[in-house]
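Trainee: Starting off with a structure, shown below.
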Amino acid sequence: MILHGYFRSSASYRVRIALGLKGLAHEHVFHHLRKNEQRAPDYLATNPQGLVPSLVLDDGQVLTQSLAICDYLDEVWPEPPLLPKHPVQRAMVRAFAQVIACDIHPLQNLKVLRRLAALGHSEADTQAWARAFIDEGLDACANLIADESGPFCFGAVPSLADLCLIPQLANARRFGVELRWPRLLEAERACANVAAFVTAAPEHQADSE
């Protein structure tokens, strides 16, 4: 398999963690988002949306969107599972993941911040925009797992929730958000002891800057 991504892309980061947890061999192809390499014609032929990640399967089929890719990996390689067996717990993990992937991340990604700048907003304004949505979203995440046993987001093993949380915490630090949520930081500490999370970190990627 070939994973198209960028070291700082949190969506790519999620898929790198999933591939690592599943122990799946893959190659990396990197696209520098700040240089608009994801808009190059050859990559648009792979992913018409011009976003990362994309996962090219052994048969040439292309998968896009990080949560869809993680679902595919979990269905084809079910061990270790990214979702719990109980339907209610599965829905809760998915809801937590979607708060990050659907509600926080899109509002602080490079594409949106560039659009705000093009509309005349200052760098300070765009950074404040990002911080506000990250803070609000992570506050909701902390409340969603306040009563869940740790050390991970939903119990004793990492799940799709953790795959989304760890990249978002990295983004929060990059934007200068105060990390005031002990329960989220507890999950982060647990993930720091799992090799798949460590090797997937942005600073360990070949295109890291």
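The values are calculated or read from the model by the stated rules, or taken from the named source; none is laboratory data. Being a predicted model, the structure only gives us computed values, none of them experimental. Every residue, glycine among them, receives a Cβ derived from its backbone with ideal geometry; neighbour counts consider all protein chains shown.
Trainee: Go through (1) free of Cβ contacts under 8 Å to residues at least 60 places away in the same chain; (2) out of contact with any Ser or Thr (no Cβ under 7 Å at 6 or more places or on another chain) one by one and return the number of the condition Ser208 breaks.
Mentor: For Ser208, the failing item is (1).
Trainee: Considering only residues that are outside any helix (DSSP H, G or I) and in contact (Cβ under 8 Å) with a residue 24 or more places away in the chain, which ones fall in segment 82-103?
Mentor: Hits for segment 82-103 are Leu82, Leu83, Pro84.
Trainee: Mind checking which residues of segment 16-36 are out of contact with any His (no Cβ under 9 Å at 6 or more places or on another chain) and within 26 Å of Leu107 (Cβ to Cβ)? Give the steps one after another, and end with the answer.
Mentor: Step one: list which residues in segment 16-36 are out of contact with any His (no Cβ under 9 Å at 6 or more places or on another chain), which gives 17-18, 20-27, 32-36.
Result: Ile17, Ala18, His32, Leu33, Arg34, Lys35, Asn36.
Trainee: It is to be established whether one or more residues within segment 51-66 are part of a helix (DSSP H, G or I) and either outside the structural domain of Asp135 (by TED's automatic domain parsing) or on the phi < 0 side of the Ramachandran plot (or both).
Mentor: yes
Trainee: Would you point out the residue of segment 19-50, among those that are assigned to a loop (DSSP other than H, G, I, E, B) and of a type in the set (S, T, N, Q), that is surrounded by the fewest Cβ atoms within 10 Å (Cβ to Cβ)? Write out each step before concluding.
Mentor: The first filter runs over segment 19-50 and keeps only residues assigned to a loop (DSSP other than H, G, I, E, B), leaving 23-26, 31-32, 36, 40, 47-50.
So of that shortlist, the ones also of a type in the set (S, T, N, Q) come out as 36, 47, 49.
Details: Asn36: 12, Asn47: 20, Gln49: 10.
By that ranking, first place goes to Gln49.
Trainee: Could you please tell me which pairs satisfy a Cβ distance under 7 Å, a separation of 6+ or placement on different chains, a first residue in segment 114-142 that is without any contact (Cβ under 8 Å) to a residue 24 or more places away in the chain and of a type in the set (Val, Ile, Thr), and a second residue that is in a helix (DSSP H, G or I) and surrounded by 13 or more Cβ atoms within 10 Å (Cβ to Cβ)?
Mentor: Within 7 Å, the pairs are Thr126/Leu113; Thr126/Leu116; Thr126/Ala117.
Trainee: Out of Ala128, Ala97, Ala132, report the one residue that is among the small types (Gly, Ala, Ser), within 22 Å of Ser12 (Cβ to Cβ) and modelled with pLDDT of 95 or more. Step through it out loud before you land on a result.
Mentor: Values: Ala128 fails: within 22 Å of Ser12 (Cβ to Cβ); Ala132 fails: within 22 Å of Ser12 (Cβ to Cβ).
On inspection, the qualifying residue turns out to be Ala97.
Trainee: Any chance you could count how many residues in segment 1-45 are among the basic types (Lys, Arg), closer than 21 Å to Cys164 by Cα and either in contact with a Cys (Cβ under 7 Å, 6 or more places away or on another chain) or at pLDDT below 95 (or both)?
Mentor: Number of matching residues: 1.
Trainee: Now a separate question. I want to confirm something. Restricting to segment 119-175 and keeping residues that are of a type in the set (Ser, Thr, Tyr) and assigned to a loop (DSSP other than H, G, I, E, B), which single residue is farthest from the chain's Cα centre (by Cα)?
Mentor: Ser122
Trainee: A further question on this structure: Can you name every residue in segment 176-185 that is surrounded by fewer than 20 Cβ atoms within 10 Å (Cβ to Cβ) and either assigned to a helix (DSSP H, G or I) or not assigned by TED's automatic domain parsing to the domain that holds Ile134 (or both)?
Mentor: Across segment 176-185, the qualifying residues are Pro182, Arg183, Leu185.
Trainee: Can I ask one more? Anything in segment 101-118 that is within 17 Å of Ser12 (Cβ to Cβ) and over 19 Å from the mean Cα position of the chain (by Cα)? List them, or say none.
Mentor: Result: no residue meets the conditions.
Trainee: Of all residues in segment 51-63, which are in contact with a His (Cβ under 9 Å, 6 or more places away or on another chain) and either of a type outside the set (A, V, I, L, M, F, W, C) or at pLDDT below 95 (or both)?
Mentor: Matches in segment 51-63: Pro53, Ser54.
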